[in-house]
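See structure below.
None of the figures in this text is laboratory data; all of them are computed from the coordinates on show. Source: prediction; values computed, not measured. Virtual Cβ from ideal backbone geometry, glycine too; neighbours counted across all protein chains shown.
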Amino acid sequence: MWRNLIRNTLFALILVGLLLIGVKQFNSNGLNDTSNSKSNKEINQNLVSSRMTYGRFLEYLEMGWVKQVDLYDNSRNAIVEASSPELGNRPQIIRVEIPVGASQLISKLKEYNIDFDAHPVENKNFLITLASNILLPILFVGGLFYFFQNSENANSSPMSLGKSTARFERRPDTGVGFNDIAGIDEAKAEFEEIVSFLKQPDKYTIVGAKIPKGILLVGPPGTGKTLLAKAIANEADVPFFSVAGSEFVEMFIGIGAARVRDLFKKASENAPCIVFIDEIDAVGRERGAGVGGGNDEREQTLNQLLTEMDGFKENKGVIVVGATNRADILDSALLRPGRFDRQVTVNLPDRLGRIGILKVHARNKPIGNDVSLVQLANRTPGFSGADLANLLNEAAILATRYKKSAITKNEVNEAADRIIGGIEGTSMDDTKNKRLIAYHEVGHAITGSVLKSHDEVEKITITPRGVAKGLTWFTPEEDQSLLSRSELLARIITTLGGRAAEQVIFGDPEVTTGASNDLQQVTNLARQMVTRFGMSNIGPLALEDENSGQVFLGGGMVQGTEYAENIADRIDEQVCKIINYCEQKAIEIILDNRVIIDLVVEKLLDVETIDGAEFRTLLSTYTILPEKNAPYISKFS
C-alpha cells in the first residue's frame, strides 16, 4: 500500500513539475512587467505583428514613422508602435532587438521627440528560481526512474528489460491432471515418475538416483506436449515457471542472456521447482548455422542457457521441461545428458489412443446413442489430440446450431468432413463440369476398390469443400506405420484413377486441370520410392535425405546432390516408369469396369454424396473385374 502511495505521489509531482516548467518556459518567452498593464496585455495576447532589424528601425526613426517605443531587458529588446505610408499608414506593433553598445538610442529617441518608456527586469524569488531550474528536473528524472522500476507492468518497462518474463505460480492449478490425458501413455508415465520423485525423493536417493535435470518433449503440433506440462504443474505441487522460447530473444544485445540468468536465479530461490520452456527451438537452434557469424544475440542467449542448465555453478532442484516440434535443429550441446537427460517423443495417437482421447473430450458433452467413438477413431487416422478435441467441439457447435440437445452421428460426421475437407460449399448445377467431377471421383473410388492393397472407400462427394470441387475419402483398416511396395503403387494408381476416368470417358482432348494436385502427389511419392525407399532397379540406396537442411535451421549454405549426373538421369527415368506403369494400370481398371462406373456416377449425380457402406452395397449387386496382376515393381524395373 505504501509503495503505491509513494508511486502515485511521485507521479502527481511529476505532473506538477511539468506544469511549472511549461509555465516558466511560457513566461520566459514573454517580456513581463507588472507595472505596465498595457504592454503586458499586448505581449501576452501576441499582438506583435512582425520583427524588424535595428538598422531598419533607425530608418523608420529618421523617416518619422515611429510613434512610441517600450524598452525591456535593460534596453536589449523594444516593442515599437509605428505607421508606414508604404503600408497605408496602418498601425504596426514591431519587435526590435537592440544590439549591445547602442548607447545613443535614448538620445536619438529624445532628438526625434519619440514617446518611450523603459521597463525594469522582473525580480524573481531565489527559491522559485532554484526549484524551477534545479530541483524540479532532478525530481522529474528520479520520479520517472522510480515509477518505471516499481510499476505493476515492470517487465515491459525500459528499466527492467533484463528481468525474466516467466509466469510464476507457487501452487499452480491448471485444471489438467494425468487423468485428463490419453493416447500418450508412454510420455505420461515418464512425467508420473518425475512427480513421484518430487513428492518422495527418498525412495530414489536411497539407491543413488538423481532427479533428471531436463526433459525434452518432442513431437508434431497438437499431440499434447503443452498439455503434459500443465498436468505436471498441477500434479507435482511445486513452484512452476512457464515461459516461451521467443520471450528470450530481443533486439537489444545481452537482454536474452540477462533474462535467462534472472529466470534461473528465481528458480533456484524456489527450488525444488519446474521451469517449462515452450517452443524451445526459438532460442536453442544450432549455433553457427546459416549466414553470418555466430556472435549474435540469440546465440549468446543459448550460451547462457547452456551454462545455467549444466555449467560450473550447478542448479540443484530445478527441472527444465522443454517442448519443440523441431528437435532436428536444436544445438547438440543442448541435447546432451546433463542438460536434457531425457527426450520423450510424443507421437500422433494410434487407434486405441484416439479412442481414449475421444472419451476424455466427450466427458462433458451429451453424446447420442448413435455415435460410436470407436468408429470415429477408425475414421480419423493421423489426427492429433488437438484435432480430435476440435472435432468434438465442432460437433457440439453444429448440434447447437441445429437446436439439438445431444450430439448425433450426423453432427460428428459433418464436423469430421469440415476438418478434413473444409467448409461445405454450394452444390453445382447439373452441367458438364459436374458430370466430369463425378466421373473423376468415382474413378478414384473404383480403382481403390479393385486393388487389394488399397484402403476401403469411406465417402464420395461432389459437393464442393474448401478449394476442392469433389472429394473421395479412404479409411485404412488399421494404422499404417510401414508401407509395402504394393501399397505405395496402389496409392499411386488410385490417385491417377480420377485422371484416367476423364481420359477414358471424355477422351484426351477433354482432360482438365482438376488432376493437378493428384499429379503432384504421385510424382512426390514415386520419387521417394526411388530416392529414399530403394524400390527401383537403381538399388537399395538412400539418395536424398528426408530432412534436407535449410539455411538458419541447422543446414549449411551450400546444398547439392551427392550423386553423379547420370544417377540423376536414372532417377528421373525410374520415376517416369513408375508413373507411366501406374497410369496404364488405372486406365485398364477403368476400361474393365466402365459399366459399373456409369451406374455409380448416375447415383452420385442424384444424391451428390455416397458413404462407404452404401457404395459397397451398390457394388455388391454388380460384378467388379479384379486387377489382372498385382502391381509389383517387376512390371517397370
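Given the options I319, G208, G256, identify the residue whose Cα lies farthest towards the positive end of the charge dipole of segment 167-345 (+1 on Cβ of Lys, Arg; -1 on Cβ of Asp, Glu).
G208
On the first, second and third principal axes, largest extent first, how far apart are the outermost C-alpha atoms of segment 434-545 in Å?
On the principal axes, segment 434-545 reaches 45, 34, 27 Å in Cα extent.
Report, ordered by chain and residue number, the aspartates and glutamates lying within cross-link reach of K230, taken as a straight Cα distance under 18 Å and ignoring same-chain residues fewer than 8 apart.
Within the straight-line limit of under 18 Å, K230 reaches these aspartates and glutamates: E169, D173, D180, D185, E186, E190, E192, E193, D278, E279.
Please give the length that would be gained between R616 and L599 if that part of the chain were fully extended, namely 0.36 nm times their separation in residues minus their C-alpha to C-alpha distance (nm, one decimal).
Difference between extended and current length: 4.8 nm.
Would you order V344, V318 from fewest to most other beta-carbon atoms within 10 Å of each residue's own beta-carbon? Before the final figure, lay out each step's value.
Values: V344 21, V318 24.
By the 10 Å Cβ count, ascending: V344, V318.
Kindly rank 424-437, 215-228 from highest to lowest mean number of other beta carbons found within 10 Å of each residue.
On the way: 424-437: 13.9, 215-228: 21.6.
Order by mean packing, descending: 215-228, 424-437.
Return the whole-Å distance between the Cα centroid of segment 316-384 and the Cα centroid of segment 442-457.
So the two Cα centres are separated by 31 Å.
Taking the Cβ of T472 as the center, what net charge do the other residues with Cβ under 9 Å away carry, scoring Lys and Arg +1 and Asp and Glu -1?
Values: positive: K459; negative: E441, E458.
Neighbourhood net charge equals -1.
Could you compute Rg(Cα) / (2.2 N^0.38 Å) for segment 167-345, with N its residue count? Could the numbers behind the result be given before it?
Working: Rg = 15.9 Å, N = 179, 2.2 N^0.38 = 15.8 Å.
Against the empirical 2.2 N^0.38 Å value, I get 1.01 for segment 167-345.
Mind checking which aspartates and glutamates have their Cα closer than 17 Å to the Cα of K403? Skip sequence neighbours fewer than 8 apart in that chain.
Partners found: E394, E411, E414.
What ranking do D328, D70, D202 get, fewest neighbouring Cβ atoms within 10 angstrom at the top? Mind dumping the intermediate values first?
Working: D328 15, D70 22, D202 6.
Listed from fewest to most nearby Cβ atoms, that is D202, D328, D70.
Would you mind checking the pairs K409/K432; K432/K459; K359/K603; K434/K585 and listing those with alpha carbons more than 27 angstrom apart?
Details: K409/K432 33 Å; K432/K459 22 Å; K359/K603 36 Å; K434/K585 25 Å.
Table pairs above 27 Å Cα-Cα are K409/K432; K359/K603.
Counting pairs of alpha carbon atoms under 8 Å apart in space and at least six apart in sequence, what relative contact order in percent does segment 389-466 give?
Details: 62 pairs, mean separation 23.8, N = 78.
Worked out over segment 389-466, it gives 31 percent.
Give me the compactness ratio for segment 351-421, meaning the Cα radius of gyration over 2.2 N^0.38 Å. Walk me through the numbers on the way to the answer.
Values: Rg = 10.9 Å, N = 71, 2.2 N^0.38 = 11.1 Å.
The value comes to 0.98.
Under the rule of at least 5 residues apart or a separate chain, name every residue whose amide H is placed under 5 Å from the amide H of A118.
Counting only residues 5 or more places away or on other chains, the set is L71.
How would you order 525-538, 268-281 from highest to lowest mean count of nearby Cβ atoms within 10 Å?
Details: 525-538: 18.4, 268-281: 20.2.
Answer by packing, highest mean first, reads 268-281, 525-538.
I'd like the Karplus ³J(HN,Hα) series for segment 113-120: coefficients 6.51, -1.76, 1.60, θ = phi - 60°, whole numbers in Hz, and an x wherever there's a Gly or Pro.
6, 9, 6, 9, 8, 10, 9, x
Counting only residues 5 or more places away or on other chains, whose amide H sits under 5 Å from the amide H of G322 once H atoms are built in the peptide plane?
For G322, the qualifying residues are I215, L216, L217, I277.
Tell me the label-point distance for the pair E456, Y402, using the 7 Å Cα-to-Cβ offset, in nm and rounded to one decimal.
2.3 nm
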